[in-house]
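The values are calculated or read from the model by the stated rules, or taken from the named source; none is laboratory data. For clarity, every value in this text was computed on a predicted model and none was experimentally measured. FYI the Cβ positions are ideal-geometry reconstructions off the backbone, even for glycines, and counts take in every protein chain you see. Ligands, DNA and RNA are excluded from the accessible area calculation, which covers all protein heavy atoms including side chains. Shrake-Rupley method; radii C 1.70, N 1.55, O 1.52, S 1.80 Å.
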Amino acid sequence: MPDALDATPYDALLLLSFGGPEGPDDVVPFLENVTRGRGIPKERLKEVGQHYFLFGGVSPINDQNRALLDALRKDFAEHGLDLPVYWGNRNWAPYLTDTLREMVADGRRHVLVLATSAYASYSGCRQYRENLADSLAALEAEGLEPPRVDKLRHYFNHPGFLEPMIDGVLRSLADLPEDVRDGAHLAFSTHSIPIAAADASGPVEDHGDGGAYVKQHLETARLVADAVRERTGVDHPWQLVYQSRSGAPHIPWLEPDICDHLEERHAAGVPAVVVAPIGFVSDHMEVLYDLDTEAEAKARELGLPMRRSATVGADPRFAAAVRELVLERAAVESGLAATPCALGALGPSHHLCPVGCCPARAPRPAAAGADSPYAGGTA
């Protein structure tokens, strides 16, 4: 047996994710959860839900989170880390509040949170922190003493997140016809967000010109592209592109859209494109529909060879990265020396979200940050 690893003062890890429907009857209620407070009619939600109905009303994200849970538990056990792993979602079962209630019943008092988002943004970080604050307040209202909650730092430049993506791009390049392979361009895709939200992402000093959201994605793309060049000897041109826009047409969002990018690349005479969804931890619905359905259809229409590389998912290297992040944060919390692991020029992200980081659209309490209403910046 390996020597025991110590995550003190933490006594549990919570996998915090978005959630998704697991059958046709779940689709509209799930979308009602996602859009609560926006006044969107049910008929409109049924139209939006067609993406899910094309896949039997089932989002793959829940099974992918189950696979990640298994990978984390296996890695922890193999390396002697005695830390139970729980799972809670923002918008579907298992709901975050229910999971935190279970953790309290199990005696968990100091919890680390892994969000399935690697980058700084309101929807990818601050909103999860608001969800945590809402759930902790709900437990307090029930007369329960909520646990203290801390969130793992952003992991966009951790080698355990990067290496599986690098391998995915290499496999996709190898799958292209040999006569177009070396001329292929790389399109690194992520979720489009309003430009105003991007500009305000990350700490205050990073605000403006896309903020930390764009800066971190560009760094990830550069690190992957550089590794591909080093391992193949071919310098593939690359660009950061966006997908899954859902906002009102009059509000500026990050561009170019992946389908527009494919048209532009084809018009420029590019022989092939590899699309790498670096903004997503797993192959959930937005990857399956926006890339594997819409972008693939656009590429076929253009006669442009396209391959879509894999996301990180439950890759053992990612599970190992999470273990390293847990032990790093435990050392910091215990006042011990820690050497954060991060590649590239940006270095490791902050452990505690500072005041003004990814500000809310309207002021709301958020846990696990310097502006938390709870003592010490955490709940």
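Summary table
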item	result
Scope segment 302-319; condition buried (at least 20 other Cβ atoms within 10 Å of the Cβ) and either acidic (Asp, Glu) or assigned to a helix (DSSP H, G or I) (or both); matching residues	315, 318, 319
Segment 12-30: number of residues that are open to solvent by 10 Å² or more (accessible area, probe 1.4 Å) and touching a Lys or Arg at 6+ places or on another chain (Cβ under 9 Å)	2
Candidates 176, 114, 162, 170 - the one that is touching a residue at least 12 places away in the same chain (Cβ under 8 Å), over 18 Å from the mean Cα position of the chain (by Cα) and open to solvent by less than 10 Å² (accessible area, probe 1.4 Å)	176
Selection status of residue 136, touching a strand residue (DSSP E or B) at 6+ places or on another chain (Cβ under 9 Å) and within 30 Å of residue 57 (Cβ to Cβ)	no
Residues of segment 34-60 satisfying the condition of being in contact with a strand residue (DSSP E or B) (Cβ under 9 Å, 6 or more places away or on another chain) and assigned to a helix (DSSP H, G or I)	52
Residue match in segment 205-228 (condition: within 28 Å of residue 176 (Cβ to Cβ) and at pLDDT below 95)	no
Residue list for segment 320-340, filter: open to solvent by less than 50 Å² (accessible area, probe 1.4 Å) and part of a loop (DSSP other than H, G, I, E, B)	338
Boolean, residue 156 is modelled with pLDDT of 95 or more, in contact with a strand residue (DSSP E or B) (Cβ under 8 Å, 6 or more places away or on another chain), of a type in the set (Phe, Trp, Tyr) and surrounded by 18 or more Cβ atoms within 10 Å (Cβ to Cβ)	no
Number of the condition not met by residue 266 [criteria: (1) assigned to a loop (DSSP other than H, G, I, E, B); (2) open to solvent by 10 Å² or more (accessible area, probe 1.4 Å)]	(1)
Residue in segment 86-98 that is in contact with a Gly (Cβ under 7 Å, 6 or more places away or on another chain), open to solvent by less than 30 Å² (accessible area, probe 1.4 Å) and among the polar types (S, T, N, Q) present	yes
Members of segment 269-301 found to be within 28 Å of residue 27 (Cβ to Cβ), in contact with a strand residue (DSSP E or B) (Cβ under 6 Å, 6 or more places away or on another chain) and not in a helix (DSSP H, G or I), listed by number	275, 277, 278, 279
All positions within segment 34-65 that are out of contact with any Phe, Trp or Tyr (no Cβ under 7 Å at 6 or more places or on another chain), of a type in the set (S, T, N, Q) and surrounded by 15 or more Cβ atoms within 10 Å (Cβ to Cβ)	35, 62, 64
Residue in segment 318-329 that is farther than 20 Å from residue 206 by Cβ and over 22 Å from the mean Cα position of the chain (by Cα) present	no
Out of 117, 135, sole residue that is part of a helix (DSSP H, G or I) and not charged (D, E, K, R)	135
Output for segment 185-224, where each listed residue is among the hydrophobic types (A, V, I, L, M, F, W, C), out of contact with any Pro (no Cβ under 8 Å at 6 or more places or on another chain) and surrounded by fewer than 20 Cβ atoms within 10 Å (Cβ to Cβ)	218
Selection count where residues are assigned to a helix (DSSP H, G or I), closer than 22 Å to residue 350 by Cα and aliphatic (A, V, I, L, M), scope segment 143-178	1
For residue 259: the one exception among (1) open to solvent by 20 Å² or more (accessible area, probe 1.4 Å); (2) touching a Phe, Trp or Tyr at 6+ places or on another chain (Cβ under 7 Å); (3) not in a loop (DSSP other than H, G, I, E, B)	(2)
